[in-house]
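This report refers to the structure that appears directly beneath it.
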């Protein structure tokens with residue numbers, strides 16, 4: 001009788017179930033790992049920045065604040081638009097050329 005109550009109240013059922021917070025933390029850790037990997041790829045691409053092709057982007061990456069902004073912009077283009085990193089950099093250069 002007590003076990004029926006525990007099963008009916010969900011206590012025994014939830015005991016065997018994976019905690020939703022644990023799943024969310026695992027998903028967030030996976031997302032953070034993917035973002036860090038993407039940032040490493042961005043830094044690899046930006047390491048050989050050609051000032052003749054991307055003068056505004058190369059200038060922007062010379063400061064920590066500028067590099068952080070570039071990372072955010074590139075990650076947004078890669079994640080939301082499905083762009084390649086090089087294409088995102090070229091588009092950002094084009095945008096910066098029109099603004100500045």
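Residues of the stretch 33-64 that are closer than 16 Å to residue 96 by Cα, without any contact (Cβ under 8 Å) to a residue 40 or more places away in the chain and part of a helix (DSSP H, G or I): 55, 57, 58, 59, 60. Checking the stretch 21-35 against the condition returns a match, with at least one residue being over 17 Å from residue 88 (Cβ atoms), exposed (fewer than 14 other Cβ atoms within 10 Å of the Cβ) and either touching a helix residue (DSSP H, G or I) at 6+ places or on another chain (Cβ under 6 Å) or modelled with pLDDT of 75 or more (or both).
The values are calculated or read from the model by the stated rules, or taken from the named source; none is laboratory data. What you are looking at is a predicted structure, and each value in this text was computed from that prediction instead of being measured. No Cβ is skipped: glycine too gets one built from the backbone with ideal geometry, and neighbour counts run over all protein chains shown.
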